[in-house]
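Enquirer: Right, I'll just put the structure down here and ask away after.
The values are calculated or read from the model by the stated rules, or taken from the named source; none is laboratory data. Keep in mind it's a predicted model, so treat the numbers as computed, not measured. Cβ: placed from backbone, ideal geometry, glycine included. Neighbour counts: every protein chain shown.
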């Protein structure tokens, strides 16, 4: 992310309770993932300890067994490092209320953090990003909160093996985020999850609409101005 200015053209209010709820929901999900990593490493360390106790009793160590243990630890260590990197990027998205950033990079990191929440519903979540970088002058934290609310509303009505897809695109003056989910065909999507006087979407000067394609499948379309600094407060 490129920090262009600390000036706040959005006339941003104090952090709202809903913002804190969003931050807490993501933090809680990440902590569960890290706890899972630590639990697996602890379990594997116990297996290694058992082998060392057996070795002290005269039972030879099996190199292949130790190699498997080491591999499992390495896998979890790598996983833990990636989780912390994603958490760090997300945490820093709230540093400044107004910066220049690549929406694809921000959402790629965010979708990775949402995987656990999708997995809990036995649902897959992926994204098709615009083939070029899309730089947006706005608030990355609020943008992620908007996406979170829309995906969360889809997950609430999702069924096993559902597939949720996010796409980004760029128009002349706006960026578009399209979210498709089978749940929208079961229950009409409710834009109120992101609308309201002090909602994150309103504070981004954006809007959301439900669209239906030729096959009758419904999707949520979020549009946000590329340059918030050009908007009147």
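Enquirer: Please work out which one of (1) part of a helix (DSSP H, G or I); (2) over 16 Å from the mean Cα position of the chain (by Cα); (3) surrounded by 14 or more Cβ atoms within 10 Å (Cβ to Cβ) is the condition residue 114 fails and give its number.
Expert: Of (1) part of a helix (DSSP H, G or I); (2) over 16 Å from the mean Cα position of the chain (by Cα); (3) surrounded by 14 or more Cβ atoms within 10 Å (Cβ to Cβ), only one is false for residue 114: (2).
Enquirer: Read through the list (1) closer than 30 Å to residue 175 by Cβ; (2) in contact (Cβ under 8 Å) with a residue 24 or more places away in the chain; (3) not assigned by TED's automatic domain parsing to the domain that holds residue 151, then give the number of the only condition that residue 101 fails.
Expert: (3)
Enquirer: I'm checking my understanding of the structure. Among residues of the range 131-156 that are in contact with a strand residue (DSSP E or B) (Cβ under 7 Å, 6 or more places away or on another chain) and not in a helix (DSSP H, G or I), which one is farthest from residue 224 (Cα to Cα)?
Expert: Across the range 131-156, the extreme among qualifying residues is 133.
Enquirer: Also, I was wondering about something else. Pull up the range 167-179, narrow it to residues that are over 16 Å from the mean Cα position of the chain (by Cα) and in a strand (DSSP E or B), then point me to the one that is nearest to residue 155 (Cα to Cα). So that I can check it myself, show each step before the final result.
Expert: The initial filter retains those residues of the range 167-179 that are over 16 Å from the mean Cα position of the chain (by Cα), namely 169-176.
Now narrow it down to the ones that are in a strand (DSSP E or B): 169-170, 174-176.
On the way: 169: 23, 170: 26, 174: 26, 175: 24, 176: 21 Å.
Selected residue: 176.
Enquirer: From the list 30, 53, exactly one residue is out of contact with any strand residue (DSSP E or B) (no Cβ under 7 Å at 6 or more places or on another chain) and in contact (Cβ under 8 Å) with a residue 24 or more places away in the chain. Which is it?
Expert: Working: 53 fails: in contact (Cβ under 8 Å) with a residue 24 or more places away in the chain.
After applying the criteria, what remains is 30.
Enquirer: Within the range 117-128, work out how many residues are in a strand (DSSP E or B) and surrounded by fewer than 18 Cβ atoms within 10 Å (Cβ to Cβ).
Expert: Initial filter on the range 117-128 (in a strand (DSSP E or B)): 124-128.
Right, trim to surrounded by fewer than 18 Cβ atoms within 10 Å (Cβ to Cβ) and you get 124, 126, 128.
The qualifying residues number 3.
Enquirer: Scan the range 178-195 and tell me whether some residue there is in contact (Cβ under 8 Å) with a residue 60 or more places away in the chain and crowded, with 16+ Cβ neighbours inside 10 Å.
Expert: no
Enquirer: Has the range 159-171 got at least one residue that is surrounded by fewer than 18 Cβ atoms within 10 Å (Cβ to Cβ) and touching a helix residue (DSSP H, G or I) at 6+ places or on another chain (Cβ under 8 Å)? First the steps, then the outcome.
Expert: Within the range 159-171, the subset surrounded by fewer than 18 Cβ atoms within 10 Å (Cβ to Cβ) is 159-161, 163, 165, 167, 169-171.
Right, trim to touching a helix residue (DSSP H, G or I) at 6+ places or on another chain (Cβ under 8 Å) and you get 159.
Taking every residue of the range 159-171 in turn, at least one turns out to be surrounded by fewer than 18 Cβ atoms within 10 Å (Cβ to Cβ) and touching a helix residue (DSSP H, G or I) at 6+ places or on another chain (Cβ under 8 Å).
Enquirer: Specify the residue that is surrounded by the fewest Cβ atoms within 10 Å (Cβ to Cβ); the eligible residues are those in the range 53-72 that are within 16 Å of residue 43 (Cβ to Cβ) and either assigned by TED's automatic domain parsing to the domain that holds residue 106 or touching a helix residue (DSSP H, G or I) at 6+ places or on another chain (Cβ under 6 Å) (or both).
Expert: Among them, the one singled out is 69.
Enquirer: Out of the range 129-141, which residues are loosely packed, with under 12 Cβ neighbours inside 10 Å and either touching a residue at least 12 places away in the same chain (Cβ under 8 Å) or under 24 Å from residue 203 (Cα atoms) (or both)?
Expert: Let us first name the residues in the range 129-141 that are loosely packed, with under 12 Cβ neighbours inside 10 Å, namely 131-132.
Residue satisfying the conditions is 132 alone.
Enquirer: Among the candidates 41, 75, 37, which residue alone is touching a residue at least 40 places away in the same chain (Cβ under 8 Å), closer than 30 Å to residue 148 by Cβ and either touching a helix residue (DSSP H, G or I) at 6+ places or on another chain (Cβ under 6 Å) or in a helix (DSSP H, G or I) (or both)? If you could, list the steps in order and put the result at the bottom.
Expert: On the way: 41 fails: touching a residue at least 40 places away in the same chain (Cβ under 8 Å); 75 fails: touching a residue at least 40 places away in the same chain (Cβ under 8 Å).
From the options 41, 75, 37, the qualifying one is 37.
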